[in-house]
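Peer 1: One structure, as structure tokens, below. Some questions next.
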Amino acid sequence: MDKREQRERIKEKALDIGFLACGISKADYLAEEQARLEKWLAEGMQGEMEYMSRNREKRLDPRLLHEGTKSVISVLLNYYPKETQKDPEAPVLSKYAYGTDYHFVLKDKLKDLLRFIQDEIAPCNARAFVDSAPVLDKAWAVRAGLGWIGKNTNLISVEHGSFFFIGELLIDLELEPDERIVSNHCGNCTRCIDACPTQAIIKPYVVDARRCISYQTIEQRGEIDEALSGKFDDRVFGCDICQDVCPWNLKSEPHDEEAFDPHPKLMGLSRNEWTNMDESLFAELFRKSAVKRTKYSGLMRNLKFIQSEKQSE
């Protein structure tokens, strides 16, 4: 089996496992990303995400993160939901957090893909990564021909939009890299920039995390920035606004991953039920969810903040 056939069999298997797309790139130093990352960090736009400042060399060179790495296999996993919240007055939960925490789902599928490679392609060593280590997921997905980085800094796929998770295998096989390069299709569109209620997209392709609703409701450990009061548009955990308005997401189709289906009670929660949620209901609804990351106390902080916004209107 030659390298090109190896690559195609791996990509075929990835689709069989349930991934939306798969691409392969040569493991190398991300020289183009270095200057952008350094500038972003120097301007403090990472906020309290101190981990973004650590392991910079590993973040830019996967060969330092997993010894022997020669190729990066990037995958996309759809999470666009079949339904959204029913009460238009209810606090809005980001779509990615409806079901089981994606870290577990995606990593399990990556391990399935690795077992296939080891059994059917060649003996190898690899590590699976899902948004929890110093890997520039979007940069590798671009190199693998899976899309381009939009003005909202999300990876956008011509075929699928942007409602997907990204993961990768750092593998010590020298695989044939994909030759596809997806050009930037944002054009003159500024819908994501115009729609962001906190003006977190300070200019095309640059997001100040400190102003981002997702950062404030998930990453921020202290109190939410009062300067952003009245601008959360009822978002209680995460935010999809810049994706919801993106024309490329007209191509989004509902996922078929059972693990991402929401708890039966979640979509029907009224505003009042959200506001009066106790710890037992929180534990029931979000037992396996990414919402657990903010804990009950964090969700209550977020609810209090958007409730005060409503009262001041």
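Peer 1: Evaluate the distance, in nm, between pseudo-label points positioned 7 Å from the Cα of ARG287 and of LYS107 along their respective Cα→Cβ axes.
Peer 2: Spacing of the two 7 Å Cα→Cβ label points: 2.0 nm.
Peer 1: If the stretch 107-148 were replaced by its equivalent ellipsoid, with semi-axes equal to the square roots of 5 times the Cα gyration tensor eigenvalues, what would those be, largest first, whole Å?
Peer 2: Over the Cα atoms of the stretch 107-148, the semi-axes work out to 22, 13, 9 Å.
Peer 1: Spit out the partnerless Cys residues in the chain, using Cβ distances under 4.7 Å as the pairing rule.
Peer 2: CYS22, CYS124, CYS186, CYS189, CYS196, CYS212, CYS239, CYS246
Peer 1: Could you tell me, in Å, what Rg and Dmax come out for the Cα atoms of the chain?
Peer 2: Using the Cα atoms of the chain, the pair Rg, Dmax is 19.9, 67 Å.
Peer 1: Just the number: Rg to Rh for the stretch 171-283, Cα atoms, Kirkwood Rh, two decimals.
Peer 2: 1.05
Peer 1: For the stretch 30-110, take N as its residue count and report Rg(C-alpha) divided by 2.2 N^0.38 Å.
Peer 2: Rounded to two decimals, the normalised Rg is 1.52.
Peer 1: Rounded to the nearest 5, what is the percent of antiparallel bridges among the DSSP beta bridges in the chain?
Peer 2: 90 percent
Peer 1: With a 10 Å Cβ neighbour count serving as the proxy for reagent exposure, in which order, fewest first, do SER25, SER71, SER183 appear?
Peer 2: The fewest-first ordering by Cβ neighbours comes to SER183, SER25, SER71.
Peer 1: Give a residue-ordered list of calculated ³J(HN,Hα) values for the stretch 162-170 (Karplus: 6.51 cos²θ - 1.76 cosθ + 1.60, θ = phi - 60°; whole Hz; x for Gly, Pro).
Peer 2: In residue order, the calculated couplings are 9, 7, 8, 8, 10, x, 8, 10, 8 Hz.
Peer 1: Now, a different point. Going through the cross-link list LYS70/LYS109; LYS138/LYS288; LYS11/LYS138; LYS26/LYS288; LYS13/LYS82, which pairs have a Cα-Cα distance over 29 Å in this structure?
Peer 2: In this structure, LYS26/LYS288 exceed 29 Å between Cα atoms.
Peer 1: TYR98: net charge of surrounding residues, Cβ under 10 Å, Lys/Arg +1, Asp/Glu -1, itself excluded?
Peer 2: 0
Peer 1: Counting other beta carbons within 10 Å of each residue's own, what order do ILE117, ILE202 fall into, fewest first?
Peer 2: Ordered from fewest to most neighbouring Cβ atoms within 10 Å, ILE117, ILE202 come out as ILE202, ILE117.
Peer 1: Along the charge dipole of the chain, Cβ charges K/R +1 and D/E -1, which of TRP40, GLY238, LEU77 sits furthest on the positive end?
Peer 2: About the Cα centre, the residue reaching furthest to the positive side is TRP40.
Peer 1: What lysines sit close enough to LYS304 to cross-link, taking a C-alpha to C-alpha distance under 20 Å and skipping anything fewer than 8 places away on the same chain?
Peer 2: Answer for LYS304, where 20 Å is the Cα cut-off: LYS231, LYS292, LYS295, listed by chain and number.
Coordinate-derived values only; no laboratory data. It should be emphasised that the depicted structure is a prediction, and the values quoted were computed from it without experimental measurement. Don't worry about glycine lacking a Cβ; one is built from the backbone with ideal geometry, like all the others, and counts go over all protein chains shown.
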